[in-house]
1. Kindly sort PHE164, PHE42 by accessible area of their heavy atoms, largest first, with the probe set to 1.4 Å.
2. Using protein chains only and a probe of 1.4 angstrom, how many square angstrom of ASP127 are accessible, to the nearest 10?
3. Rank TYR45, TYR29, TYR92 by accessible area, highest first, at a 1.4 Å probe radius?
4. May I ask you to compute the full-extension gain from ALA126 to ALA38, defined as 0.36 nm times their residue separation minus their alpha-carbon distance, rounded to one decimal in nm?
5. SER147 versus ARG12, label points 7 Å from Cα toward the beta carbon: distance in nm?
6. Once you have the alpha carbon radius of gyration of the range 62-122, what is it after dividing by 2.2 N^0.38 Å, with N set to its residue count?
7. So what are the chain's ellipsoid semi-axes, whole angstrom, largest first, if each one is the square root of 5 times an eigenvalue of the alpha-carbon gyration tensor?
8. Past 21 Å, Cα to Cα: identify those pairs from LYS7/LYS55; LYS7/LYS115; LYS34/LYS55; LYS7/LYS108; LYS24/LYS55, in the order given.
Amino acid sequence: INNNLLKLDVDRDFLAPFKLAQEKRAGAYIGLGKLIDATVRFAAYTHDDRVTALKRHLVAEAIAAQEADGYIGTKRPDGRVWSLWDVHEMGYLVYGLSIDHRFFGDQKSLAAAQKLADYLIARWTADPQKGMGGGITLHMAVTGIESAMLALHQQTHDRRYLNFVVQ
């Protein structure tokens, strides 16, 4: 196996799309939240300084990409929430940041997860029927949001996150 093929460039492949100016965003699904979740768990399991440093880097850069309204993602403002994979991307970011708080007690991660979840809830509840026939396939595009909100509820005990899933 060629070791060069196994090297992951997290800055280029996972973080760069979140840093682009809004007008240059492609709106692609990246999977940053899933990478954060995996890295957090691997760091907690191994206690390896290199993995922990990578975890800190991923989390810090994700939080730095958070916009004032709470959004973290790759979509332009007119395509947020109701276009394919945006809720999925946001959900796993909420989940990964919540898991970072769970395993490492990082308050900044928890605050960013809450701010992103609050953004999503506000947008979703403002027009709940928009997703029904609005161009996204709900059973796929929102996969993971329930786990994210339940993980956030577990960390905060804020019933808004539980209620979002239940109601």
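The values are calculated or read from the model by the stated rules, or taken from the named source; none is laboratory data. Quick caveat: nothing in here was measured; it's all calculated off a predicted structure. Ideal geometry is used to build each Cβ from the backbone, glycine not excepted, and the neighbour counts take in all protein chains shown. SASA here: full protein model, heavy atoms, side chains in, ligands and nucleic acids out. Shrake-Rupley method; radii C 1.70, N 1.55, O 1.52, S 1.80 Å.
1. Working: PHE164 45, PHE42 110 Å².
Heavy-atom accessible area, descending, gives PHE42, PHE164.
2. ASP127 exposes around 70 Å² with every protein chain in place.
3. From most accessible down to least: TYR45, TYR29, TYR92.
4. 28.4 nm
5. My value for the distance between the label points is 2.9 nm.
6. Cα Rg divided by the expected 2.2 N^0.38 Å: 1.06.
7. Values: eigenvalues 132, 79, 37 Å².
Gyration-tensor ellipsoid for the chain: 26, 20, 14 Å.
8. Violating the 21 Å Cα-Cα cut-off are LYS7/LYS115; LYS7/LYS108; LYS24/LYS55.
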